[in-house]
Amino acid sequence: MSQAQEIAAFGLELVQAWRRTSASRALIREVQERRVRLVLAAASRTRFYGGRRLERLSDVEPVRKADLQARLDDTFTDPALSKAALLSFVHGGAAPGTLLQGRYLVATTSGTTGHVGLFVDDVAGWARQRAVVFARMFQGLLTPDGFAMLARRRYRLAFVIASGGHWLTSILAGRMPTLGRAFADSRVVPVDAPLPHVVAELNAFAPLLLHSYPTFIEVLCAEARRGRLRIDPEIVSAGSEPISQACREAVRAAFPRARLVETYAATECLAMATSCPHGAVHVNEDACVLEPVDDCMRPVPPGTDAPRVLVTNLSNVVQPLVRYELTDSVTIIDEPCPCGSPFARIVVRGRTDDTFYLLDGDGRAQAHPPIPIEVAFLGVPGLLQYQIVHEAQNRLRLSFVADDDGRPSEVAAGLEDRLARYLGDHGLLEHVSYVVDQVDAVERHARSKKLRQIESRVGRPAGEVVAAIAARR
Ligand SMILES: [Zn+2]
């Protein structure tokens, strides 16, 4: 029963979501408002909102992950669900993507920030979110009769991901066989398998769509450049980590025929934003509401950087997530896109959690968000990958993997030079210590296998925080 429901929900939403990509802005608003009302009606039934009747989003206070998780038992609309039931399911050896009580999918966040979260939705809700992502991924690649063609070609999708716990990507991959039989062939390759094995699997399968983490896509691009990986994908889709400029350039060089699709997803809402054929990232306003806010949860207007964003998931009526805080830095762009999409554009800069707070000579904390740091290391010759960790106050560790044809000592010198210049430009050279280390592989998070290229293990200091402004540009 649930399998038929899942395929029906996916298929129906796929067709409708694909049509909406060329619909009017007014129609999108209408769909969004209708779905908001459904989610608010569901939220009104939970103990979390005390049975209050919620009519508008603005009636709902923003909610933080810790507050929601602390009252988890109050967040479900089905009384058969409880924190205890979810915990015993995920710790009881059930494979990721299998169903709880015959209809629910349970996801945990990997806890890269130290807080593990538990989330639940029914299979139909997940399928609808997923259908929106697929519809946007194939935007412009399908002709009106393209769905029939898609079925004839048996689209081959490869997911190179963490396949262990109950997190987003392993659940998606785990549900793929069900959807796959109806729509495509899929294969999951564990990202932590030996690289030659990953390459051999991909060569044998010849995927038309390749999905992985941006940092691992870079590794695969290097394998393609060396002639070991011989695939010709139409779509390279990247998610779970912020995507770097270096990754974009590597994909362009290694897979010139492929469109790089960026997805902005979270366990709490899978289909937040997807990039279009013009490379702009559009909010999937038929799957979510995104509200950029400042540190005090006040709305931030379009065109202005917001340090966090509130998400309302428009599919989940099992555990309604309304104005739920994500600590990602985003900017809404209020300009039309040449692709003609009716959906608002967004720039996602990624996790504000990983801002480096470095103390200057006067003891003030300078805030260094991830992107400028990343830009400082663009185009170091012979560099395959790196990770920079703020491991103790004003102490940085930079680990790197040299390319096959790169000389490690030269790469190390290049990185040190860039880092010293970056610190010098901010008046920090005498106050920040660092080590540069060559490694065989950059360390991924033990369970989620995500790689945080720019990672802070140091919190925001209590005192004054000032923006980091470089002396030279
Ligand atoms: Zn566009």
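The values are calculated or read from the model by the stated rules, or taken from the named source; none is laboratory data. The structure displayed is predicted, hence computed values, not measured ones. Counting neighbours? That spans all protein chains shown, and the Cβs are built from the backbone with ideal geometry, glycine included. These area figures cover heavy atoms from the full protein model, side chains too; ligands, DNA and RNA do not enter into them. Shrake-Rupley method; radii C 1.70, N 1.55, O 1.52, S 1.80 Å.
From the Cα gyration tensor of the stretch 355-467, with a ≥ b ≥ c the square roots of its eigenvalues, which class applies: rounded if a/c is under 1.5, or else prolate if a/b is larger than b/c, or else oblate? In terms of gyration-tensor shape, oblate.
Summary of packing: across the peptides 454-463, 382-391, 261-270, the per-residue average of other C-beta atoms within 10 Å ranks them, highest first, as 261-270, 382-391, 454-463. Shape class of the chain from the Cα gyration tensor (axes a ≥ b ≥ c, square roots of the eigenvalues): oblate, since a/c reaches 1.5 or more and a/b does not exceed b/c. Note on the stretch 43-65 and the stretch 412-437: Cα centroid distance 48 Å, given to the nearest whole angstrom. Note that the chain presents 43 Å² accessible area per residue, ligands and nucleic acids not counted, probe 1.4 Å.
Around the Cα centre of the chain, unit charges on the Cβ atoms of Lys, Arg, Asp and Glu (plus for the first two, minus for the last two) sum to a dipole of about 1360 debye.
Summarise the accessible area of the stretch 202-290 (1.4 Å probe, protein heavy atoms) by the percent that is carbon and sulfur.
Taking all protein chains in place, the stretch 202-290 shows 49 percent carbon and sulfur surface.
Residues in the stretch 428-434 carry Karplus couplings, in order, of 10, 4, 7, 10, 10, 9, 8 Hz; the curve used is 6.51 cos²θ - 1.76 cosθ + 1.60 with θ = phi - 60°, and Gly or Pro positions show x.
Packing, taken as the mean count of other beta carbons within 10 Å per residue, orders the peptides 97-104, 216-223 from highest to lowest as 216-223, 97-104.
Only bridges whose two residues both fall in the chain count here: according to DSSP, what percent of them are antiparallel, nearest 5? That works out to approximately 55 percent antiparallel.
Using only DSSP helix segments of four residues or longer, with each worth -39500 (n - 2.57), what per-residue ellipticity at 222 nm results for the chain after dividing by its residue count and rounding to 500?
Mean residue ellipticity, 222 nm, calculated: -10000 deg cm²/dmol.
Put simply, when 7-20, 191-204 are sorted by average Cβ atoms within 10 angstrom per residue, most first, you get 7-20, 191-204. Considering only 304, 318, 221, the residue lying farthest towards the positive end of the dipole of the chain is 318, judged by Cα position with unit charges set on Cβ.
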